[in-house]
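The block underneath contains the structure these notes are about, expressed in structure tokens.
The values are calculated or read from the model by the stated rules, or taken from the named source; none is laboratory data. Here the structure is a predicted model, which is why all the values come from computation and not from measurement. With ideal geometry, Cβ positions are generated from the backbone for all residues, glycine too; neighbour counts draw on all protein chains shown. For the accessible areas, the whole protein counts, side chains as well, though only heavy atoms, and no ligand, DNA or RNA atoms are used. Shrake-Rupley method; radii C 1.70, N 1.55, O 1.52, S 1.80 Å.
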Amino acid sequence: MSTRRAHRGPCALLTSAGVCVAALVPCLIARVAGDRARVPRSSGATQDNAAPYFTLDESSDWEVVFRYSQDKCPAGGGPDSMPIAWYNRAASPPHASLIFATSHGINPLVGSDLSHLRPNCERVVFNSTMDSTPDSYANYQWLQNVRLLANGSAFGLVHNEFKPELSPPNQYCSCSVVFPVHNSSCVNHCEMWSTGLAMSVDHGETFRLAASPPNHLVATLPVEFKDNQPLAGYGAISPLLPGSDGYYYGLINVAGNSAGADVFPGNCPIRTNNLGDPTAYRGRASTGEYTVQWHSAYGNQPQGWGHCDTLPVDRNTWLAAHTTFREVVPGNAASIQAARAQKTVSGEASASATEDTLPTFMAFGDVSVEGGGVKYSWSRAQNFEDTFESWWTPTVLALTGVTRWVSSEKTDLLYPVLLDDESPAIGQAIGTPDALEQGDNFAIVGLNSTGLHVYIVTSGRNIIRHRLRVSSTPPVPQPPPPPPPAGCNAFRVTGAGNSAANGVYKETSVLIGDVPSFGMDATHQLYRVLMPATAKEQAGYVWHLGHYNVAGSVLYASATTPALLNQTLPPWDWRLAASDNATRLVAPAPKMVECTNLHD
């Protein structure tokens with residue numbers, strides 16, 4: 001692979017709204033064309049005063065990308081990994097593919113762009129090998145990382161899990177997590193994780209392993225699987241972004257206790273100068289050099305191999321267990337294209353006093369339901385290979401309203417990613433081969449793009465997204481709406497995914513625990529119940545929306561209210577019910593439950 005030019009150079013004028021001014025566009029085109037000398041940038045984990053901030057666009061709401069109950073393919077599974085996307089401009093017509101990796105066959109969502117996706121159940125992008133032995137490193141497999149090249153080839157790193165607890169009885173695990181011998185203590189009890197390589201020769205339409213197992217292996221612990229061992233190994237995989245030196249760089253998260261292999265939990269920095277060769281991938285050693293090479297642990301192998309020097313993951317660092325990287329450009333596709341059409345670039349672009357403040361790369365992290373947001377960080381390193389030591393202090397994107405998509409029992413919000421609908425168009429507008437490759441892999445975000453979205457996988461295995469906007473000032477948290485007044489005799493429910501639940505609920509003569517209930521019709525009531533204490537929560541009151549006293553009929557539930565004197569309905573923070581009839585549950589929960597007093 002030839003040495004690739006850095007895309008980076010200085011440019012950073014932001015308006016008060018955080019939008020790049022037109023003067024940046026010529027500088028952007030000049031730098032990606034390689035016409036500027038590289039400019040040193042400061043490093044260190046500090047927050048710059050001019051750092052952009054993400055906020056949810058208040059003019060839009062959460063929207064469904066994939067609804068499991070409606071969009072699941074007959075032979076496929078539900079979302080079980082970070083959504084990834086690429087754009088095949090060689091197809092007729094050109095189209096975007098978005099996949100959510102699952103170990104049960106991957107069917108893509110396909111459309112002209114990310115805003116017009118539909119399930120394609122005829123096309124299987126990738127399938128697990130499902131071998132039953134640990135030495136194959138080809139068991140339950142998730143395609144987690146794809147890089148599409150201009151010549152039609154594509155390569156993807158594959159997360160692999162050897163999970164003998166799912167197929168008992170066997171010689172590797174004495175536990176079972178499957179019916180009828182289910183034992184919750186066996187979860188993550190007998191697992192070994194590793195990373196392999198897949199490839200495509202048809203522009204990413206289909207993938208297969210790059211070599212017969214175990215020769216597809218990229219990374220694994222330097223020890224064999226031990227019977228009944230706790231979960232350990234190489235897990236979640238970040239996107240690979242190109243550096244300026246001919247290498248692609250990324251991360252693999254190491255999980256568990258590493259089975260005594262002396263590889264600590266955290267993120268292992270990796271690189272390769274040959275995407276299609278499993279043996280060309282290297283991890284970073286404690287010396288800072290990329291000299292760690294992996295082999296199968298079965299058979300004679302060199303001493304000391306496979307010991308990557310991992311970076312710790314915690315809430316105060318830029319790192320996350322599931323990290324995605326993006327390259328940052330000012331403007332959007334239209335502004336860049338307009339500047340080219342007007343031939344505004346002539347010779348060298350001049351620098352300004354504020355040019356060194358614009359970030360060049362970003363890292364997007366995991367969801368914290370308790371914290372109510374997604375962690376992200378910026379870097380202004382000139383080249384991507386320098387970012388691992390140059391991220392700014394993390395900032396949190398508040399996910400207002402997202403709890404409407406989770407269950408009151410299981411509140412998981414998983415695998416957040418940032419995707420820009422305009423990425424292929426931005427790459428094309430910039431016009432260099434490197435930029436086109438970045439754009440077609442949705443590795444670019446434009447700070448003035450109207451297509452920026454955060455994507456989230458919910459506990460119900462739906463994929464939802466919300467449009468983002470960029471500001472130069474920190475977002476101001478909005479106070480929650482006040483509780484309705486005491487004595488309200490009717491409530492209006494709006495925004496529920498089950499449209500039959502929306503409407504006006506009038507006070508009834510039925511008292512439940514000395515508190516009035518409210519009804520809309522024979523099968524839809526609002527009523528308060530006392531929830532017993534659990535290991536996670538103290539006892540408290542919850543309002544239910546469903547058919548009172550009918551098992552499995554509850555559709556939605558409010559968050560638990562420890563204040564025992566609260567007798568009025570909360571206007572927001574409603575969730576899917578923890579129902580024994582999950583087919584009735586339709587996300588999202590109501591957006592608002594408002595007092596609408598009725599007068600005689």
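When you go through Val177, Val124 one by one, which is the residue that is under 26 Å from the mean Cα position of the chain (by Cα), among the aliphatic types (A, V, I, L, M) and surrounded by fewer than 20 Cβ atoms within 10 Å (Cβ to Cβ)? Outline the logic, then answer.
Values: Val177 fails: under 26 Å from the mean Cα position of the chain (by Cα).
Selected residue: Val124, the only one of Val177, Val124 that is under 26 Å from the mean Cα position of the chain (by Cα), among the aliphatic types (A, V, I, L, M) and surrounded by fewer than 20 Cβ atoms within 10 Å (Cβ to Cβ).
When Val417 is evaluated against the numbered criteria (1) out of contact with any Leu (no Cβ under 6 Å at 6 or more places or on another chain); (2) in a helix (DSSP H, G or I), which criterion, by number, is the only one it fails?
Result: Val417 fails condition (2) only.
When you go through (1) touching a residue at least 12 places away in the same chain (Cβ under 8 Å); (2) surrounded by fewer than 24 Cβ atoms within 10 Å (Cβ to Cβ) one by one for Asn151, which number turns out not to apply?
Failed condition: (1).
What pairs come out if I take residues in the stretch 432-461 that are within 17 Å of Ala90 (Cβ to Cβ) and pair them with residues that are in a strand (DSSP E or B) and among the small types (Gly, Ala, Ser) whose C-beta lies under 7 Å away, six or more apart or interchain?
Pairs that qualify, where the first residue is within 17 Å of Ala90 (Cβ to Cβ) and the partner is in a strand (DSSP E or B) and among the small types (Gly, Ala, Ser), are Phe442/Ala85.
Does Tyr172 count as among the hydroxyl-bearing types (Ser, Thr, Tyr) and at positive phi?
no
Name the single residue, out of those in the stretch 322-331 being assigned to a loop (DSSP other than H, G, I, E, B) and closer than 18 Å to Asn441 by Cβ, that is least open to solvent (accessible area, probe 1.4 Å).
So, considering only residues that are assigned to a loop (DSSP other than H, G, I, E, B) and closer than 18 Å to Asn441 by Cβ, the one least open to solvent (accessible area, probe 1.4 Å) is Thr323.
Restricting to the stretch 414-433, and then to whatever is open to solvent by less than 10 Å² (accessible area, probe 1.4 Å) and within 15 Å of the chain's Cα centre (by Cα), can you tell me which residue is nearest to Thr55 (Cα to Cα)?
Among those that are open to solvent by less than 10 Å² (accessible area, probe 1.4 Å) and within 15 Å of the chain's Cα centre (by Cα), it is Leu418.
Quick one: Leu436 ticks every box in (1) within 27 Å of the chain's Cα centre (by Cα); (2) over 29 Å from Ala339 (Cα atoms); (3) open to solvent by 50 Å² or more (accessible area, probe 1.4 Å) bar one, so which box is it?
It is condition (2) that Leu436 fails.
Conditions first: (1) open to solvent by 10 Å² or more (accessible area, probe 1.4 Å); (2) touching a helix residue (DSSP H, G or I) at 6+ places or on another chain (Cβ under 9 Å). Gly446 passes all but one, so which condition is the exception?
The failed condition is (1).
Being of a type in the set (A, V, I, L, M, F, W, C) and open to solvent by less than 50 Å² (accessible area, probe 1.4 Å) is the filter; apply it to the stretch 456-489 and report the residue that is farthest from Val64 (Cα to Cα).
Step by step, filter the stretch 456-489, then rank; the result is Cys488.
Within the stretch 206-275, which strands (runs of 3 or more DSSP E) (wholly inside it) include 2 or more residues that are surrounded by fewer than 23 Cβ atoms within 10 Å (Cβ to Cβ)? Steps first, answer last, please.
Values: elements: 217-219, 232-237, 248-256, 266-272.
Where strands (runs of 3 or more DSSP E) fall fully within the stretch 206-275 and carry at least 2 residues being surrounded by fewer than 23 Cβ atoms within 10 Å (Cβ to Cβ), they are 248-256, 266-272.
List the number of the failed condition for Ala533; all other conditions in (1) at pLDDT 90 or above; (2) aliphatic (A, V, I, L, M); (3) open to solvent by 50 Å² or more (accessible area, probe 1.4 Å) hold.
Of the numbered conditions (1) at pLDDT 90 or above; (2) aliphatic (A, V, I, L, M); (3) open to solvent by 50 Å² or more (accessible area, probe 1.4 Å), the odd one out for Ala533 is (1).
List every residue pair whose Cβ atoms sit under 9 Å apart, with the two residues 6 or more apart in sequence or on different chains, where the first one lies in the stretch 225-238 and is of a type in the set (Asp, Glu) and the second, anywhere, is crowded, with 24+ Cβ neighbours inside 10 Å.
That search, which allows pairs on different chains as well, returns Asp227/Pro164; Asp227/Cys190.
Determine, yes or no, whether Val593 is within 18 Å of Thr508 (Cβ to Cβ), at pLDDT 85 or above and in a loop (DSSP other than H, G, I, E, B). Steps first, answer last, please.
On the way: within 18 Å of Thr508 (Cβ to Cβ): yes; at pLDDT 85 or above: yes; in a loop (DSSP other than H, G, I, E, B): no.
No: the conditions fail for Val593.
Condition check ((1) modelled with pLDDT of 90 or more; (2) more than 20 Å from Asn332 (Cβ to Cβ); (3) of a type in the set (Lys, Arg)) across all residues:
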position: Gly401; (1), (2), (3): no, yes, no
position: Ser407; (1), (2), (3): no, yes, no
position: Val417; (1), (2), (3): yes, no, no
position: Ile444; (1), (2), (3): yes, no, no
position: Asn462; (1), (2), (3): no, yes, no
position: Pro482; (1), (2), (3): no, yes, no
position: Gly487; (1), (2), (3): no, yes, no
position: Gly495; (1), (2), (3): yes, yes, no
